[in-house]
Amino acid sequence: MNICVCVKQVPDTAEIRIDPVTHTLIRAGVPSIVNPFDTYALEAAVRLKEKLGGRVVVISMGPPQAAEAIRSCLAVGADEGYLISGRKFGGSDTLATSYILSEAIKAVEKRENLRFDLIVAGKQAVDGDTAQVAPEIAEHLHLPQVTYALDIVEQNGELRIKRDCHSGYDILSVPLPAVVTVVRLPYEPRYPSIGPWRESKKRTIPVLSEADLETIDLSRCGLSGSPTKVKKSYTPVRDKHGTIFSKVPAEQAAEKVASMLSEAGII
Ligand SMILES: Cc1cc2nc3c(=O)[nH]c(=O)nc-3n(C[C@H](O)[C@H](O)[C@H](O)COP(=O)(O)OP(=O)(O)OC[C@H]3O[C@@H](n4cnc5c(N)ncnc54)[C@H](O)[C@@H]3O)c2cc1C
């Protein structure tokens, strides 16, 4: 089974800062990691490859430093990794990002001389947080999709997906090729051992830019090709000053809280 894993490099911080002028993430001085959900997507892919054979290819769109994220995937079982990076791609919103990634998937299939049976991604990126990119990739490529997978297993030639739903889980089977997004798996992503980790540091990561994506329509890429326009962005100021009603009986305190919330138009 040939599997493509979409991996995003994200800041290793809970404090996302936005540039007030460009409205983009401030990455300078912030260490980066592979988006945690994507590490589960990769682990699921590597386990399927170990059982069924085939190749696992990682793709990541981002600036040159995203090559490090790809190397860390090579260290834990991915066979190849491509960085999708080009000047025309900067400022892309989720629709443009997913379009570029879908074009990149087609280009990688051609270069690797294979067809992907499965495209796996994380449920969402912990910085952008939209959970839109992978479902949009499925739409661009006209593929069926299953989101929120808790586990992906192969059974008698069929792919079975345990899908998180509010009240429990569904077990679905999906025709391939398909796109699947992963929440968390019942097992943890593996850590690299020293040999593969060292090897991954020596690997050259192929970079695909706009010139390498043969069928791409550049009017659908970058800031100008993005239908989302960010009008304003700000970091919310945390106001920790609460009101404490400590010297009144609980019932009266509850009434006061209710009337305050009502005055504020919250209830
Ligand atoms: C108007 C606008 C302008 C923007 N400009 C910029 C900018 O200049 N620079 C910038 O860095 N960001 C920019 N962004 C943010 C950028 O669009 C998102 O980071 C990107 O589309 C991914 O969305 P997300 O983080 O919500 O991913 P999600 O949809 O939450 O991610 C889901 C999964 O999709 C996969 N995935 C997501 N992104 C990638 C990727 N890049 N490569 C491989 N796999 C991926 C991963 O598996 C991930 O777990 C902009 C957004 C908007 C709306």
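Which residue, of R220, R190, is away from the ligand (no atom under 16 Å from the Cβ), at pLDDT 95 or above and under 22 Å from the mean Cα position of the chain (by Cα)?
None of the other options fit; the residue is R190.
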Among the candidates S246, S233, which residue alone is at pLDDT below 90, in contact with a strand residue (DSSP E or B) (Cβ under 7 Å, 6 or more places away or on another chain) and either loosely packed, with under 10 Cβ neighbours inside 10 Å or not in a helix (DSSP H, G or I) (or both)?
S233
Go through the stretch 154-196 residue by residue and tally those that are farther than 17 Å from C6 by Cα, touching a residue at least 60 places away in the same chain (Cβ under 8 Å) and in a strand (DSSP E or B).
1
Scanning the stretch 127-147 residue by residue, the ones that are touching a strand residue (DSSP E or B) at 6+ places or on another chain (Cβ under 6 Å), at pLDDT 95 or above and near the ligand (Cβ under 6 Å from one of its atoms) total 1
Taking the stretch 93-104 and keeping only residues that are surrounded by fewer than 22 Cβ atoms within 10 Å (Cβ to Cβ) and out of contact with any helix residue (DSSP H, G or I) (no Cβ under 7 Å at 6 or more places or on another chain), one is left with D93
Return the only residue of A75, A69, A45, A41 being touching a Ser or Thr at 6+ places or on another chain (Cβ under 7 Å) and closer than 18 Å to V133 by Cβ.
A69
For the stretch 181-229, what are the residues that are surrounded by 17 or more Cβ atoms within 10 Å (Cβ to Cβ), closer than 14 Å to S102 by Cα and among the hydrophobic types (A, V, I, L, M, F, W, C)?
L208, L213, I216, C221
Residue pairs, Cβ under 8 Å, 6 or more apart or interchain, first in the stretch 26-54 and among the basic types (K, R), second buried (at least 21 other Cβ atoms within 10 Å of the Cβ) and not in a helix (DSSP H, G or I). List them.
K49/I3; K49/V56
Looking at the stretch 216-267, which of its residues are under 20 Å from M61 (Cα atoms) and in contact with a Lys or Arg (Cβ under 7 Å, 6 or more places away or on another chain)?
L218, C221, G222
Only one of (1) surrounded by 15 or more Cβ atoms within 10 Å (Cβ to Cβ); (2) of a type in the set (S, T, Y); (3) away from the ligand (no atom under 11 Å from the Cβ) does not apply to T13, and that is (1)
For the stretch 16-61, what are the residues that are buried (at least 24 other Cβ atoms within 10 Å of the Cβ), small (G, A, S) and in contact with a helix residue (DSSP H, G or I) (Cβ under 8 Å, 6 or more places away or on another chain)?
S60
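Okay, residues lined up against (1) within 29 Å of L218 (Cβ to Cβ); (2) within 13 Å of the ligand (Cβ to nearest atom); (3) touching a Pro at 6+ places or on another chain (Cβ under 7 Å):
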| residue | (1), (2), (3) |
| --- | --- |
| A41 | yes, yes, no |
| A45 | no, yes, no |
| K51 | no, no, no |
| V57 | yes, yes, no |
| R71 | yes, no, no |
| E80 | yes, no, no |
| F89 | yes, yes, no |
| S98 | yes, yes, no |
| K110 | yes, no, no |
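The values are calculated or read from the model by the stated rules, or taken from the named source; none is laboratory data. This structure is a prediction, so every number in the text was calculated from the model and none was measured. So basically every Cβ, Gly included, is an ideal-geometry build from the backbone, and we count neighbours across all protein chains shown.
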